[in-house]
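Take a look at the structure set out below.
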Amino acid sequence: MTRGAEVAANLERLRERIERACAAVDRPADGVRTIVVTKTFPASDVRLLAELGVRDVGENRHQEAVAKYQECRDLDLRWHFVGAVQSNKAAAVAAYADVVHSIDRPKLVAALDQGAHAADRRVGCLVQVSLDEPGAQQGRSGADPDRVDALAELVSRAGRLDLLGVMGVAPLDGDPDKAFARLADVAAGVRARFPAATVISAGMSGDLEAALGRGATHVRVGTAVLGARGAKG
Ligand SMILES: *Cc1c(COP(=O)(O)O)cnc(C)c1O
């Protein structure tokens, strides 16, 4: 099978999974956006995805993201930055990212806003919420739920940033349904204060059904579309 046929078949299977998961909770599947996470895969795959109708791609490391963005500038894609952003890279990320999913601290808000000013553009932002059980040892990233409102407020006041909503990654060893239920609660709190912040970015290849069951509007899918990444992904 060619790479194109393989990726096309994977995209079709993913579409069916999303439709089934949405049907199970009685919500329309056409409200769900799929972001294909292309980290560790070459720019040629990004091009292939664009040919297959994918409009949203995600990356998690600045060096790799900016290189692929530059190779694929002619394509009409929306670039999502889904990984941790180092403060000293924030301005550079703001020059090409359309949406940053990983706002987890005040310093990052200021740095992204400055970068967006310098690049004369706007950047969409999601506050990343930690979904670890209270007291968890090995946390995945994100702001503690009780700090999310303050971060959302900061983003909403930044001149060049648009507060779009929240993002979460389920803990490796926990119950994804419980984690995404917590995220839905936090999202509702943010939306009560900022009605335009409607995005819930949640769900990956292994847990997108649970996320869609708890109201995810955007899923971030890598492996299920492009295959296994190997050690460094
Ligand atoms: C890699 C990554 C994904 C995609 O993960 P898969 O399990 O390959 O679908 C989603 N979100 C984030 C933040 C990631 O880093």
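At a glance:
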read-out	value
Derived scalar couplings ³J(HN,Hα) [the stretch 69-86; Karplus, 6.51 cos²θ - 1.76 cosθ + 1.60; whole Hz; x for Gly, Pro]	4, 5, 5, 10, 5, 6, 8, 8, 10, 9, 9, 10, 9, 10, x, 4, 9, 6
Heavy-atom accessible area order for Glu19, Glu51, largest first, 1.4 Å probe	Glu51, Glu19
Ranked packing of 158-166, 3-11, most packed first, by mean Cβ within 10 Å	158-166, 3-11
Sequence of His117, His218, His101 when ordered by accessible area, the most exposed leading, probe 1.4 angstrom	His117, His218, His101
Sum of -39500 (n - 2.57) over DSSP H runs of 4+, divided by residues of the chain (222 nm, nearest 500)	-12500 deg cm²/dmol
The chain, relative contact order in percent, only Cα pairs under 8 angstrom and at least six apart counted	19 percent
Amide H partners (placed H, <5 Å) of Ala143, local residues excluded	Gln128, Val129, Ser130
Surface accessible to a 1.4 Å probe, Lys178 within the full protein complex, Å²	110 Å²
Percent of Cα pairs exceeding the 15 Å cut-off, where the set is the stretch 101-199	58 percent
Spin-label model distance (nm) - Arg73 vs Arg33, 7 Å beyond Cα toward Cβ	2.3 nm
Sites Arg122 and Ala181, calculated FRET efficiency, Cβ-Cβ separation with R0 35 Å, nearest 0.05	0.65
Hz values of 3J(HN,Hα) by residue in the stretch 222-229 - Karplus curve (6.51, -1.76, 1.60), Gly and Pro given as x	x, 3, 5, 9, 9, x, 5, 8
³J(HN,Hα), Karplus 6.51/-1.76/1.60, whole Hz, each residue of the stretch 123-129, x for Gly, Pro	10, x, 10, 10, 7, 7, 9
Under 5 Å, built H, 5+ apart or other chain: amide partners of Gly124	Val99, Val100, Asp162
Size of charge dipole - the chain - debye, nearest 20, with Cβ of Lys, Arg +1 and Asp, Glu -1, no other charges	440 debye
Debye log10 I(q)/I(0) for the chain, one point scatterer per Cα, at q = 0.09, 0.12 Å⁻¹	-0.35, -0.63
For Asp56, residues with placed amide H under 5 Å, excluding near neighbours	Val36, Arg78
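The values are calculated or read from the model by the stated rules, or taken from the named source; none is laboratory data. None of these values were measured; they are calculated from a predicted model. All Cβ positions, glycine included, derive from the backbone under ideal geometry; neighbour counts span all protein chains shown. Remember, those area values only see protein heavy atoms, side chains included, never the ligands or the DNA or RNA. Shrake-Rupley method; radii C 1.70, N 1.55, O 1.52, S 1.80 Å.
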